[in-house]
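Working notes, structure below.
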Amino acid sequence: MRIGAKLPNSGPLPFQHGVPAMARALEDAGYDSLWVSDHIVLPQTIGSYYPFAADGRATWATDTPYLDALIALALAAAVTERVRLGTAALVLALRNPVEFAKQAASIDVASGGRLELAVGAGWLAEEFEALGVPFKTRGSRMVEWIEIARDCWGGRPAARATERYTLPAGILSSPPPAHEIPLLIGGHAPVALRRAGTVGDGWLAQQPLSAIEPDEIVQAIATMRAAAQEAGAEQVAPRVVLRIVESLGKPEQVAQHLDALAGAGVEEVIVDVPVEREAAERDLAVLRAGASA
């Protein structure tokens, strides 16, 4: 199993250490990948339902500073050579799809083809309102934006005129990515899982360390495969990446779950780790031992 690290792009650490220094330290420590999170703005008070908490409440301080996810990955790309770079997860519907495609392709080229993007429909209605984007149609907007981005990555996007977006004929988008950028779909709702099976290249799951549920992942993979089959797609094993939250300083507890998660179909986990190289190496040694047990 691959072990990815959460690269902090929010809170005090990016400002205390700098994204480049943290990215170098985590690559040198041996992690397979680095992943950043995403919010453009936050409201003073969150009224939206938070789907990753049992009570539906987001409890973190909303004045937490966030460096832009794609800018943070560009900073990491400039100082690393091996690790894959990803978003967990980018709220795609909040962005201009052509500009997003350009930024992603630029990072992929600059990194030598190391970019992997997990995207989600989003859950924070106040953020959509602040950016003037309809919240109720965010899922279908994300799907269309994926189509546009992939078309742009081909270099010559076709003309289109839909309710949401108009792209004239004769547009060139260059440079193309250095490789075919994987797009994982985030979310646990049935509609998100169906999209992961039909539109995405896999699924980004999220579970807290205190409530790891391999059976939920097995059921989700079955939903993705069924959706792919209904859509006439080839039956291949979907790529599954699990973001384990609340895992900082608990490598032993994470390691205890890795065998069961691998058996459920998880190919890679993303964990919270120290950003100092020696401490990150110690955590990774514990995790690797669990993954190979």
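FYI, it's all coordinate maths here, none of it is from the lab. Source: prediction; values computed, not measured. All Cβ positions, even for glycine, are placed from backbone atoms using ideal geometry, and neighbour counts span all protein chains on display.
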Next item on the list: Using Cα pairs closer than 8 Å and at least 6 residues apart in sequence, work out the relative contact order for region 27-131, in percent.
Entry: 37 percent
Next item on the list: Select from THR59, ALA264, GLN103 the residue farthest towards the positive end of the dipole of the chain; place +1 on Cβ of Lys and Arg, -1 on Cβ of Asp and Glu, and compute about the Cα centre.
Entry: GLN103
Notebook entry, point to check: Considering only DSSP beta bridges whose two residues both sit in region 1-125, what percent are antiparallel, to the nearest 5?
Noted result: 10 percent
Check: Dipole magnitude of region 25-152 about its Cα centre, charges +1 at Lys/Arg Cβ and -1 at Asp/Glu Cβ only, in debye to the nearest 20?
Finding: 240 debye
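Looking at the chain, send over the antiparallel percent of its DSSP beta bridges, to the nearest 5.
Expressed as a percentage, antiparallel bridges in the chain total about 10.
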Note to self: Springs between alpha-carbon pairs under 10 angstrom, Gaussian network model over the chain: which of TRP60, TRP153, TRP123 fluctuates most?
What the structure shows: TRP60
Check: Do any trypsin sites (Lys or Arg not before Pro) in region 46-87 lie in a loop, going by DSSP, with at most 13 other beta-carbon atoms within 10 Å of their beta carbon, and if so which?
Finding: ARG57, ARG82
Next item on the list: Between PRO274, PRO97, PRO134, find the one with the highest GNM mean-square fluctuation for the chain; connect C-alpha pairs within less than 10 Å.
Entry: PRO134
Checklist line | Hypothetical label at ALA226: residues of region 186-201 whose amide nitrogen lies under 15 Å (7 Å Cα-Cβ projection) | finding: 189-198
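Just want to confirm a number: the relative contact order over the chain, from Cα pairs under 8 angstrom separated by 6+ residues, in percent.
So the answer I get is 19 percent.
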Next item on the list: Work out the charge dipole of region 2-291 with +1 on the Cβ of Lys and Arg and -1 on the Cβ of Asp and Glu about the Cα centre, then indicate which of ALA196, PRO176, GLN44 is farthest towards its positive end.
Entry: PRO176
Notebook entry, point to check: When the chain is treated as a GNM, springs tying every alpha-carbon pair under 10 Å, which of GLN229, GLN256, GLN44 comes out with the largest mean-square fluctuation?
Noted result: GLN44
Notebook entry, point to check: Nearest 20 debye, what's the magnitude of the dipole of the chain about its Cα centre given +1 on Lys and Arg Cβ and -1 on Asp and Glu Cβ?
Noted result: 600 debye
Check: What value, in deg cm²/dmol to 500, does the helix sum -39500 (n - 2.57) over DSSP H runs of n ≥ 4 give at 222 nm once divided by the residues of the chain?
Finding: -12500 deg cm²/dmol
